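Have a look at the structure below, then the notes.
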Amino acid sequence: MTDEIKRHVLREGDVSITVLSVGCAVQDWTVAGRRMVLGYAEAEAYRNNAVSMGVICGRVANRISNARFDLNGEVWTLPANADPHHIHGGPGGFGWRNWQMEPLCDTHVRLSLHSPHLDQGYPGAVDVTVDMRLDNGALSWDMRAVPDRETPLNLAQHLYFNLGDTASIYNHALRIAAQSCTPTNAQYLPTGARLDVTGTRYDFTRLRRFSEADPETLGFDLNYVLNALSDPDPSAEILAPDGTRLQLWTDRPGLQLYTSNTLRACAAPLQGQIHAPFAGVCLEAQDFPNALNTPGFGSILCTPERPYTQSTRIRIDAG
């Protein structure tokens, strides 16, 4: 019998956020009665969620080239679910699993997951907890993953935001506190270089509409190298035409910008939504993609003594 999908609604003032046990997913997020994220109408649709709608991606978010990596002289082979590469932890990664859910109060829910040794081809067993809290209008993800041996870990939330209730997010403006990005090849794998974004289409160091930065609607799918910041400065923000504003804070060094270039309707969407290219924008706080195979991108290896942690917070204020 399939495990039951559980649901918990975080509520505070005029903010309501629906969290599902499957994929640790945010199904819905409303502010003053208006939806701010894309989602599926039925919770069961998240079991076959080809576009990672609203979930936590892992064990390793983003791409691993050729679906393999070397760890201490041993080569580990992973499922090539973005053939020939591996993406978002594999076809049975964290975003497709049914987590244990523990509602703690109206503004706090804890989700936990055990990932056994060789899950999706990765070494070691891992115990993961994600505390999601709604506080002062902001949703925070406090993530912790403890392995029983050395293994790579890199988690990311994968929400699709649309703050304007429109078919496209290209009338939204974006700012990212990043002077450089990690450019990719035709297969969206980082080349290993760091590109100064100044004066390029990738320059979001000031609030800039997508339609201005990308008039040809080529889309974006790359990682930004975040500046070292401290509160209260956000790492990124989005502004909709009506003044609705999203702000994101994170302790991760990278932020993947994805403008849902290849988004498609995998299941019935929430009422009034269209799931199509450029209908949402993802801001995925993370360590650098393909770090396992890219010298200079930093280590994502964790141990029992050095577990994985992430703290990311997003606040949306209606215009």
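Of all the strands (runs of 3 or more DSSP E) wholly in segment 140-196, which have at least 2 residues that are surrounded by fewer than 23 Cβ atoms within 10 Å (Cβ to Cβ) and touching a residue at least 60 places away in the same chain (Cβ under 8 Å)?
Correct list: 173-176.
How many of the residues in segment 10-36 are open to solvent by less than 30 Å² (accessible area, probe 1.4 Å) and farther than 19 Å from TYR160 by Cβ?
Selection size over segment 10-36: 1.
Which numbered condition trips up SER211, out of (1) under 15 Å from SER168 (Cβ atoms); (2) part of a loop (DSSP other than H, G, I, E, B)?
Against the list (1) under 15 Å from SER168 (Cβ atoms); (2) part of a loop (DSSP other than H, G, I, E, B), SER211 comes up short only on (2).
Does segment 269-283 contain at least one residue that is out of contact with any Ser or Thr (no Cβ under 9 Å at 6 or more places or on another chain), part of a strand (DSSP E or B) and farther than 21 Å from LEU229 by Cα?
Checked against the condition, which is being out of contact with any Ser or Thr (no Cβ under 9 Å at 6 or more places or on another chain), part of a strand (DSSP E or B) and farther than 21 Å from LEU229 by Cα, segment 269-283 yields at least one hit.
Condition first: without any contact (Cβ under 8 Å) to a residue 24 or more places away in the chain and polar (S, T, N, Q). Now tell me which residues in segment 70-114 satisfy that.
Matches in segment 70-114: ASN81, SER112.
Just name the residue that is surrounded by the fewest Cβ atoms within 10 Å (Cβ to Cβ) out of those in segment 274-303 that are of a type in the set (Phe, Trp, Tyr) and within 19 Å of GLU150 (Cα to Cα).
PHE297
Suppose we keep only residues that are part of a loop (DSSP other than H, G, I, E, B) and open to solvent by 60 Å² or more (accessible area, probe 1.4 Å) within segment 104-139. Which one would you say is nearest to VAL26 (Cα to Cα)?
That would be ASP106.
For segment 6-35, which positions are under 12 Å from LEU159 (Cα atoms), outside any strand (DSSP E or B) and aliphatic (A, V, I, L, M)?
Result: ALA25, single match.
Of all residues in segment 235-261, how many are touching a strand residue (DSSP E or B) at 6+ places or on another chain (Cβ under 6 Å), under 11 Å from ALA178 (Cα atoms) and part of a loop (DSSP other than H, G, I, E, B)?
1
Among the candidates LEU153, LEU139, LEU159, LEU163, which residue alone is more than 24 Å from ASP14 (Cα to Cα) and touching a strand residue (DSSP E or B) at 6+ places or on another chain (Cβ under 8 Å)?
LEU153
Considering only residues that are more than 18 Å from TYR170 (Cα to Cα), out of contact with any Leu (no Cβ under 6 Å at 6 or more places or on another chain) and of a type in the set (A, V, I, L, M, F, W, C), which ones fall in segment 216-265?
VAL225, ALA228, LEU229, TRP249, ALA265
Give me a count of the residues in segment 37-56 that are part of a loop (DSSP other than H, G, I, E, B) and surrounded by 24 or more Cβ atoms within 10 Å (Cβ to Cβ).
5
The values are calculated or read from the model by the stated rules, or taken from the named source; none is laboratory data. In this text, all values refer to a predicted model and were calculated from it rather than measured experimentally. With ideal geometry, Cβ positions are generated from the backbone for all residues, glycine too; neighbour counts draw on all protein chains shown. Surface areas here come from the heavy atoms of the whole protein model, side chains and all, with no ligands, DNA or RNA. Shrake-Rupley method; radii C 1.70, N 1.55, O 1.52, S 1.80 Å.
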